[in-house]
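Before any comments, here is the structure.
The values are calculated or read from the model by the stated rules, or taken from the named source; none is laboratory data. Being a predicted model, the structure only gives us computed values, none of them experimental. Glycine gets a Cβ as well: all are built from the backbone with ideal geometry, and neighbour counts include every protein chain shown.
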Ligand SMILES: C[S@@+](CC[C@H](N)C(=O)[O-])C[C@H]1O[C@@H](n2cnc3c(N)ncnc32)[C@H](O)[C@@H]1O
């Protein structure tokens, strides 16, 4: 740093012959150049620039355990050394920016979409309580799932797990009890396989579609297009209800903007597919109550891994959030709520829960049964990652994380690891973070 200001010495003499100190900007510029040498990781296998928390480091560790033959992490210089199928690792890894000196597929996706999570169709709709796709990717790598594997998410919501599996070329089954979740998961899946020409609409077509949807006259022979326009419309209405920021664009303007966004996502993800010769795999989406999973005999011992996240007790009004959609589709919300974990008010309680408030007791009873059903659906040595968070209701902590871990062990799982992931910018103050519980079926 000794050269600060010295380089342009001549220009920096004042008219009185006194020495002019370098300006604030010059100092910052010189410092930042110097600083980059220390901070920007250098090397062939460096951390992703998005890695910020200790949990990220733990995820990287897990991921490399699954993806490599040998690895070593150097957290100070933010790089890793590894041995294995470098090309495969480069296409799969979610925490490294470069591998073998080349940009990873994940980094390319992040750069192309400008976001670490809102890529492909993950951002189709703001479904509450969504997974971070990056975590799903990490877990698929951790579990060493190859392209013949089969993954299940029985609380699939808007289909983050199934969509990410499809993008990675892995088959999956997703279930959810809400019709809205099922529509969204199906859409994310179908859009990966649709012909681009099906998304060709003129401006006037789109203006007409908004009118038709509004008047409940919207019809289309292609079910994907039919549902896509509805999903975009529901999102538009919801965005309008939440903020007046969009008033100037008008509903139709916002609808068109959202449609173009999806079309652009299609273009970008297809470019990625082409560039890296990816093979997407379709997901099977089913509307199903997890408590009835065992009715589907064909699923017994069928899955290599389950990656899932049940509702957190009382954290979000998931069903109410989609009221606009349910009113439109004529879905009875009460019926959905009567099957929804954490929303039930009455039912048979077994003795062990007698001292709990009824709603919490029913939630835990259902959660326990859900975990038993997951155990049943997994192959021997099948892997489970279950993401849960504790919530605080009326200043009382609902200890779902440790209860879930206990239920997993009671169901017969071998507990492997728990990673706490702080949700730094979470809007819902009742949730401070979430934990990923990793288990294996013996
Ligand atoms: C935390 S969210 C999962 C969100 C999902 N990971 C995503 O990325 O969209 C929990 C999900 O469990 C679903 N659910 C609640 N009760 C259920 C039940 N009895 N059977 C199946 N799914 C249920 C809810 O509809 C909700 O979508």
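Inclusion of residue 266 among residues that are in contact (Cβ under 8 Å) with a residue 40 or more places away in the chain, within 15 Å of the ligand (Cβ to nearest atom) and either part of a helix (DSSP H, G or I) or more than 24 Å from the chain's Cα centre (by Cα) (or both) is not warranted.
Working carefully through the options 369, 339, 344, find the one that is in the same structural domain as residue 290 (by TED's automatic domain parsing) and assigned to a helix (DSSP H, G or I).
On the way: 339 fails: assigned to a helix (DSSP H, G or I); 344 fails: assigned to a helix (DSSP H, G or I).
The unique qualifying residue is 369.
Looking at this structure, is residue 258 surrounded by 17 or more Cβ atoms within 10 Å (Cβ to Cβ), modelled with pLDDT of 95 or more and within 16 Å of the ligand (Cβ to nearest atom)? So residue 258 does not fit the description; no.
Test residue 282 against the stated conditions and say whether it is within 12 Å of the ligand (Cβ to nearest atom) and within 21 Å of the chain's Cα centre (by Cα).
So residue 282 fails the test.
Considering 419, 374, the condition of being under 17 Å from the mean Cα position of the chain (by Cα), in contact (Cβ under 8 Å) with a residue 40 or more places away in the chain, outside any loop (DSSP other than H, G, I, E, B) and closer than 28 Å to residue 66 by Cβ is satisfied by 419 alone. Against the test of being within 13 Å of the ligand (Cβ to nearest atom) and at pLDDT 85 or above, the options 379, 321, 302, 339 yield a single qualifying residue, 339.
Any idea which of 187, 152, 167, 230 is within 16 Å of the ligand (Cβ to nearest atom), out of contact with any strand residue (DSSP E or B) (no Cβ under 9 Å at 6 or more places or on another chain), modelled with pLDDT of 95 or more and within 26 Å of residue 339 (Cβ to Cβ)?
Answer to the check: 187.
Show me the strands (runs of 3 or more DSSP E) entirely contained within region 66-163 in which 1 or more residues are free of Cβ contacts under 8 Å to residues at least 12 places away in the same chain.
Output list reads 70-74.
Against the conditions (1) within 23 Å of residue 236 (Cα to Cα); (2) away from the ligand (no atom under 15 Å from the Cβ); (3) touching a helix residue (DSSP H, G or I) at 6+ places or on another chain (Cβ under 6 Å), residue 180 satisfies every one except (2).
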